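Participant: The structure is given below, and queries will be raised subsequently.
The values are calculated or read from the model by the stated rules, or taken from the named source; none is laboratory data. This is a predicted model, so every value here is computed, not measured. So basically every Cβ, Gly included, is an ideal-geometry build from the backbone, and we count neighbours across all protein chains shown. Accessible surface areas use protein heavy atoms only, side chains included; no ligands, DNA or RNA. Shrake-Rupley method; radii C 1.70, N 1.55, O 1.52, S 1.80 Å.
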Amino acid sequence: MKEILFLNPVFKEMVWGGSRLREFGYAIPSDSTGECWAISAHPNGDGTVVSGRFAGCRLSELWQEHRELFGSLKGDRFPLLVKIIDAKGDLSIQVHPDDAYAMEHENGSYGKTECWYILDCDPDATIVIGHNAKNSQEVADMIRQERWSEFIREIPVKKGDFFQINPGCVHAIKGGTMILETQQNSDITYRVYDYGRLQNGKPRQLHVEQSIAVIRAPYVAEAAEQRTVTAVGDASVEHLVTCPYYSVEKITLDGTARFVQDKPFLNVSVYEGEGVLDGTPVRKGDHFILPADYGEFTLEGNLSLIVSSVE
Ligand code: ZN
C-alpha cells in the first residue's frame, strides 16, 4: 500500500532560538524556539505520524515494529535525523565525536556526522567551520589558553550554501541563520566555547577534554563536492552530498515531474512553496517519509525540497 508518512515535528526552545519557525506554519512554543526536529526517532524528540494507518505512532515504533517500511534495513535505531534550525543568536562553538568515540564514551550512542543547507541568512552572515591550529598539541594549547580569535576559523555564508560537517570538525552557526540539517540520529555535542555567555546567571557546561580528544588537526577544508544538477521533468535535482551515512539532494520544481522512490526510504522536507504529491497537497513546512517500495511518484506545483536517503 502506497502511503506517505507525514510527521509531526518536535520543537526545542534554546537560548539562541528565535521565532522564524513560524514562517513554516508551525505553532512554536515561544519566541526562543531554536530547533524543529522534523524527521526524528530520537528519544529526545521522537516524532509521530500525522494521519493514516499509523496515525499517532512514533517513528521509533515504526522502525522497531514495521521495518518493512524501511526496506528491512538492519540497525537498532532509525539512522537519520532532519532538523530546521533558527539561530537568532550565535550557537556555542562545538564538535561531535565519531561512532567509535561515542560508542565507547557516550553509552553506545552514534557519533554525529551532519550537513547544512542554508535556508536563509543575514547579508553579512558568517559561520564557524574548522580551526587554525597546526596540530593536536596546538588545539589543546589554544583551547586551554582560551586563544579563541586565533583558534576559530570563520567564513562568509550565503543562502543556498551547503556544508558537510564530519566528526572532529569544529563548527557553529551564527545569529541570523536558518538551516536545514541532515544528520546521523545522535544528540552528542561537545561544547568547546560559548562566548563566555551566561544562562540563568551561570555559564553553560563546556566539554573541554572531550573536545580536545575528538577535534581533528590540522583542519582540512572539505573539497567542495561537485553539486551536479540533473533535469527531471520540470524539476532540477541537485546532488549535495553522499557520505557513508546519507545522500542528500535538493529538488526545485516549477511544473510537474515524475520520480522513482527505490531507496530503503526517502526523507522529504518541503522548505518552500506548495504543490501536490500523488494527489495529496504538500506545502512549506511539511516533512514526510516515502517508505520502501513506494515506487513511482508525481510531484506538481512550485516546490523546493531537501531529500535524504541511506543506501
Ligand atoms: Zn553540530
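Participant: Which value in nm describes the separation of the simple spin-label points at Asp120 and Val276, placed 7 Å from the Cα toward the beta carbon?
Facilitator: Each label point is offset 7 Å from its Cα along the Cβ direction, giving 2.8 nm.
Participant: In addition: Along segment 267-283, what does the Karplus equation 6.51 cos²θ - 1.76 cosθ + 1.60 (θ = phi - 60°) give for ³J(HN,Hα), rounded to whole Hz, x for Gly and Pro?
Facilitator: 7, 10, 10, 8, 10, 7, x, 8, x, 9, 10, 6, x, 9, x, 9, 8
Participant: Return the carbon/sulfur percentage of the accessible area of segment 28-93, one whole number, probe 1.4 Å, all protein chains in place.
Facilitator: Here it works out to 48 percent.
Participant: Could you please put Lys174, Lys202 in sequence from largest to smallest accessible area, using a 1.4 Å probe?
Facilitator: From most accessible down to least: Lys202, Lys174.
Participant: So what is the 222 nm mean residue ellipticity for the chain from helices alone, if each DSSP H run of at least 4 adds -39500 (n - 2.57) and you divide by all residues, rounding to the nearest 500 deg cm²/dmol?
Facilitator: -2500 deg cm²/dmol
Participant: Counting Lys and Arg as +1 and Asp and Glu as -1, what is the net charge of the other residues whose Cβ lies under 15 Å from the Cβ of Gly52?
Facilitator: My count for the surroundings of Gly52 gives -1.
Participant: Another question, then. Just the accessible area per residue of the chain, please: how many Å² with a 1.4 Å probe?
Facilitator: 44 Å²
Participant: A further question follows. Any chance you could run the full-extension gain for Glu3 through Thr228? It's 0.36 nm times the residue separation minus the Cα-Cα distance, nm to one decimal.
Facilitator: Gain on extension, Glu3 to Thr228, equals 78.0 nm.
Participant: Residues with beta-carbon under 12 Å from that of Arg67, excluding Arg67: net charge, scoring Lys, Arg +1 and Asp, Glu -1?
Facilitator: For residues surrounding Arg67, the net value is -2.
Participant: Something else about it: Quote the charge dipole size of the chain about the Cα centre in Debye, to the nearest 20; the model charges only the Cβ of Lys and Arg (+1) and of Asp and Glu (-1).
Facilitator: For the chain, the charge dipole is close to 520 debye.
Participant: If R0 is 25 Å, what FRET efficiency do you get for Thr189 and Asp46 from their C-beta distance, rounded to 0.05?
Facilitator: Efficiency for this residue pair is about 0.85.
Participant: What does the net charge come to around Lys174 if you take all other residues with beta carbon closer than 11 Å to its beta carbon, with K and R at +1 and D and E at -1?
Facilitator: Here the count lands on -3.
Participant: Of the candidates Arg147, Arg67, Arg227, which one comes out as most mobile in a Gaussian network treatment of the chain with C-alpha springs shorter than 10 Å?
Facilitator: The residue that fluctuates most here is Arg147.
Participant: If you don't mind, there's one more thing I want to ask. Which far-off residues, 5 or more places away or on another chain, put their amide H under 5 Å from the one on Ile215, with H placed in the peptide plane?
Facilitator: Distant-sequence amide H within range of Ile215: zero hits.
Participant: So, taking all protein chains as they sit and a 1.4 Å probe, how much accessible area belongs to Met142, in Å² rounded to tens?
Facilitator: Its accessible surface works out to 10 Å², give or take rounding.
Participant: Suppose the chain between Thr242 and Asn200 were pulled fully straight at 0.36 nm per residue; how much longer would it get relative to their current alpha carbon spacing?
Facilitator: 11.0 nm
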